[in-house]
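The values are calculated or read from the model by the stated rules, or taken from the named source; none is laboratory data. In this text, all values refer to a predicted model and were calculated from it rather than measured experimentally. Cβ sites come from the backbone with ideal geometry, for glycine too, and all protein chains shown count toward neighbours. The area values use the complete protein model at the heavy-atom level, side chains included, leaving out ligands, DNA and RNA. Shrake-Rupley method; radii C 1.70, N 1.55, O 1.52, S 1.80 Å.
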Amino acid sequence: MGETEQRPTAGSRLGAQENAGISTLEHGQKPPMTPPGKLISIKIQMLDDTQETFDVPQRAPGKVLHDAVCNHLNLVEGDYFGLEFPDHKKMMVWLDLLKPVMKQIRRPKHVVVKFVVKFFPPDHAQLQEELTRYLFALQVKQDLAQGRLTCNDTSTALLISHIVQSEIGDFDETIDREHLAKNKYIPQQEALEDKIMEFHRSHMGQTPAESDFQLLEIARRLEMYGIRLHPAKDREGTKINLAVANTGILVFQGHTKINAFNWAKVRKLSFKRKRFLIKLRPDVNSSFQDTLEFLMASRDFCKSFWKICVEHHAFFRLFEEPKPKPKPVLFSRGSSFRFSGRTQKQVLDYVKEGGHKKVQFERKHSKIHSIRNVTAQPSEQHTEVPKQVSDSSSYACGDDNDAAAVQSSRQGKELKASTEDTGQHKSPSLKKSPKEGKKVDGAVVSTVEEEEEAAKDRMQQNRPQSQQPSTGSLTGSPHLSELSINSQGGPSVANMSLSPNLSPDAKQSSPLISPLLNDPSCIRTDDEEEVKRKRFPTEKAYFIAKEVATTERTYLKDLEVITSWFQSAVSKEDGMPETLKSLIFSNFEPLHKFHTGFLKEIEQRLALWEGRSNAHIKGDYQRIGDVMLKNIQSMKQLTIHLWKHNEILIELENGIKNSRKLETFCRDFELQKVCYLPLNTFLLRPLHRLMHYKQIMERLCKHYPPNHIDFRDSRAALAEISEMVAQLHGNMIKMENFQKLHELKKDLIGIDNLVIPGREFIRLGSLSKLSGKGLQQRMFFLFNDILLYTSRGLTASNQFKVHGHLPLYGMTIEESEEEWGVPHCLTLRGQHQSIVVAASSRAEMDKWTEDIQMAIDLAEKSSGPAPELLASSPPDNKSPDETTVDQESEDDLSASRTSLERQSPHRGNTTVHVCWHRNTSVSMIDFSIAVENQLSGNLLRKFKNSNGWQKLWVVFTNFCMFFYKSHQDNHPLASLPLLGYSLTIPSESENIHKDYVFKLHFKSHVYYFRAESEYTFERWMEVIRSATSSASRTRALSHKEPHAY
């Protein structure tokens, strides 16, 4: 039998799975019903210059065709794109998504519809998907070739050099010259070839995804980026060009911008025949309303431009799609046109919620193959990957049958070809990169949400009819920070960078096939648990003693991070001075030795208490106060080492500041899996542990009656530990603030002197800043003297770039919801600048208002204004009322590129990143409460759609749950940040018929956990509640004691 020839389509070239289309509809909605009737064929020209044919019913609205193209490409962020075609007057117009296709495209056989970028966002970092950024890069390439994107020679050469890097990889003079000879990116390219190759030489090691990002970073600063000129005349008859952008309406003379009307200034847009009218809001100092008038070539030209303006305003400025106007009873006046589709905010929210599947794609023009986000592939040595773990971390968007009804005319053949590959264990679309085999510092990233999806996949894929090719994908949820996961007992897992836009540098097996996650023997039966529970004591004092043992195990592991892992790494390098080595390890090793013996004593006492020892004598050993008193008294001799920790922290940070080699070494160590928290956090652990002993002894004394045999020892132990805590408390507060400032410094770029004497951290979190570009998500950092606002870039560094700062001295704050029409809105008025911000909820706004007002009062009481920040990049200190958009000189583009290239890999799982993704905030008070609320122990975990319970060792610290197979493991397998999660008890309808169960849920993610007793259940509820709901301000920050930096 002969085989039918398979013609490649855009979807197949991009690696798309035709049977797994992603609709641009909201998650959970079904596509509109496809009207019956005769099909018409529409030719679509893609951004890679290929043509595809789609069959749609004659009466189908334009949205059906648009969705079909997006589904074909598996494009999640399809709302940024549109379909453009020449109408019967040869004028290029956009396809109206509400009107029938046949009424717009009169002669479909003779028309080629172009799939192009329609809405250019102000910041390409808002594009979450690598495929979206790739298509935007193709649009930039197309605009360069067509002369639409004009710029100077330096910028042009720099843009082309990034395109060349993404297409052929690292610089090779012979290959470069051949490639540039065959590919013409601009007219008269020959004059720039030497400059292009000079720039290309500096991109060594840059992946295609990084090249796309750098290309867009440069292009977005150009005046003509995303601009389509529409010829017009002003009132004096001068020839000009009008354009619309995310910021508003722009006026050009030739290719030079001469005026701009921001959306905030525009009151009304209208057209009357050939006249385009812009009615501006009255000026602050005048009640006069200015109306501007422009004359265009014809009514059709004028109406077409008016429609584009309406769509841009709605997409970038509105929170949701505008409602249709009610139809008039008798006659209508004016146009009924309205924007149809999701707004940018809805697109960002949808992608962050993770309501879609991650698919792989391949670049048509590139010799280097890339995949969407960070994925992992089964290694060739372990090709027998069980089918039940395939596509383990993808996020399903409804049933595949709910995809749009319209398919490509050749989709049936491609679908047949794709199903023939389902028996293979290795995805055919994943190809080895030329750079594979190199090791990249960092950990393989995954989250608990991925394990939940793995459980869903296992349930679905055990059915005979649902077979999927195994990809071993590890792509994380967009609304979660990148978190570490590792395989215990499974195939070896290579290290991978944490950057969300880097391609994998090594083939690896999926960590989700580890015994912890998939082995049925790890799931304990309910009968087994009941029998086990009856063997042990049930009194509260026993579980308090057990908490001492479980948290001591975790504390000892944390000490080993310094005394074992860090010391071992330091001994192999010569980057740390001998004096610093001696200072650190001579003060930590005695602590580790002491607590090793302390833990052994506690475990021996528990063994006697439980009756697991032959020496068990009932009554004499059912207590813990005597062991605590003895060891706390011995601990006093170690106080001299605890006083040294302040000096250790300061000297280490000074060493990092003065030595690039030590800075690199410490950063690389932080990327190891064993260092699951920032390195300097481990230096504070001994002081935090004293507070835990004090809390445990307080609970024990409160539980015991005065006549209990253990009460006297317990009360004496409490008195001893309280004295130690009181002595070291002031020192600990200084160290916590110092540690937090240095931790934030690593998350920020564009500021050099964040850590200065007297500066104290108060709150960080996500707010929306109102500007001429609309509401844009920004990360704010509040200190006792200044307020910083930043944005997050999708570069390899994972850091936040400082955009501006407001000194708190002389600042006022007021609610301004009515003035700006934005919910939960605040206006911050400084002495030289004002900004408008919006919180995600009323509660968030109240927290920020309270803390900012407190910080303003503190600044007023201080000696005067804060010192100027030494920023390494100019902040965008602009009021939202300004009509100009952010611009940068094209001469600065090269310098910007090099500064970006120098950025180093950075942890992506810090609290700052979690707050950004969860759109929430955290205060220093919350951090202090989190220090007091740390817990360790065994829990049984169950996913929403799974049947069995899985026993895990869980460590709760730093607003996060870290999961281990057992307490003996050196590093966590996965982690779950709890900021933004809700903590409840399961309802009857959830059919969780077990005792001591609590529920954690965030949007569509639901987890159940079982504790072993009422006491442990209450303790877990208590500590987790401290992370899931921010505490009210119960104390002011200390301002009396100076900070010795």
Self-check item: Average Cα contact separation per residue, segment 142-223, under 8 Å, 6 or more apart, as relative contact order %
Solution: 47
Quiz prompt | Ranking by accessible area, most exposed first, for Arg605, Arg941 with a 1.4 Å probe | solution = Arg605, Arg941
Quiz item: Restricting attention to segment 679-719, which trypsin sites (Lys or Arg not before Pro) occupy a DSSP loop and are surrounded by at most 10 other Cβ atoms within 10 Å?
Solution: none
Quiz prompt | Ranking by accessible area, most exposed first, for Trp643, Trp848 with a 1.4 Å probe | solution = Trp643, Trp848
Self-check item: For peptides 129-136, 57-64, sequence by mean Cβ density within 10 Å, most packed first
Solution: 129-136, 57-64
Self-check item: Computed accessible area, Arg228, all protein chains, 1.4 angstrom probe, square angstrom
Solution: 60
Quiz prompt | Loop sites in segment 202-244: GluC sites (Glu not before Pro), DSSP, at most 10 other Cβ within 10 Å | solution = Glu236
Practice problem: Compute, for His742, the solvent-accessible surface of its heavy atoms (probe 1.4 Å) with the complete set of protein chains present, and express it in square angstrom to the nearest 10. | Solution: 20
Self-check item: Distant-in-sequence amide H partners of Asn74 (H built 1.01 Å from N, under 5 Å)
Solution: Ile22
Quiz item: For segment 814-829, in order, what is each residue's ³J(HN,Hα) by Karplus, 6.51 cos²θ - 1.76 cosθ + 1.60 with θ = phi - 60°, in whole Hz (x at glycine and Pro)?
Solution: 8, 6, 9, 4, 5, 5, 9, x, 10, x, 6, 9, 10, 10, 9, 10
Practice problem: Return the sequence-ordered ³J(HN,Hα) values of segment 830-844 in whole Hz as given by the Karplus equation 6.51 cos²θ - 1.76 cosθ + 1.60 applied to θ = phi - 60°, using x for Gly and Pro. | Solution: x, 5, 10, 7, 10, 9, 10, 10, 10, 8, 6, 7, 5, 4, 5
Quiz item: Protein chains only, probe 1.4 Å: how do Glu321, Glu84 rank by accessible area, largest first?
Solution: Glu321, Glu84
Quiz item: Ignoring ligands and nucleic acids, what accessible area does Trp916 show with a 1.4 Å probe (Å², nearest 10)?
Solution: 20
Quiz item: Residue-wise, which Karplus ³J(HN,Hα) couplings in Hz belong to segment 992-1003, taking 6.51 cos²θ - 1.76 cosθ + 1.60, θ = phi - 60°, and x for glycine or proline?
Solution: 9, 8, 9, 8, 6, 10, 10, 10, 10, 8, 9, 6
Quiz prompt | 18 Å Cα-Cα threshold exceeded, pairs from Lys593/Lys630; Lys265/Lys773; Lys557/Lys581; Lys942/Lys999; Lys673/Lys965; Lys118/Lys307 | solution = Lys557/Lys581
Quiz item: According to the square roots a ≥ b ≥ c of the eigenvalues of the Cα gyration tensor, what is the shape class of segment 221-279, taking rounded for a/c under 1.5, prolate for a/b larger than b/c otherwise, and oblate for the remainder?
Solution: oblate
Quiz item: Within the set Lys99/Lys303; Lys233/Lys257; Lys272/Lys345, which residue pairs have Cα atoms separated by over 23 Å?
Solution: Lys272/Lys345
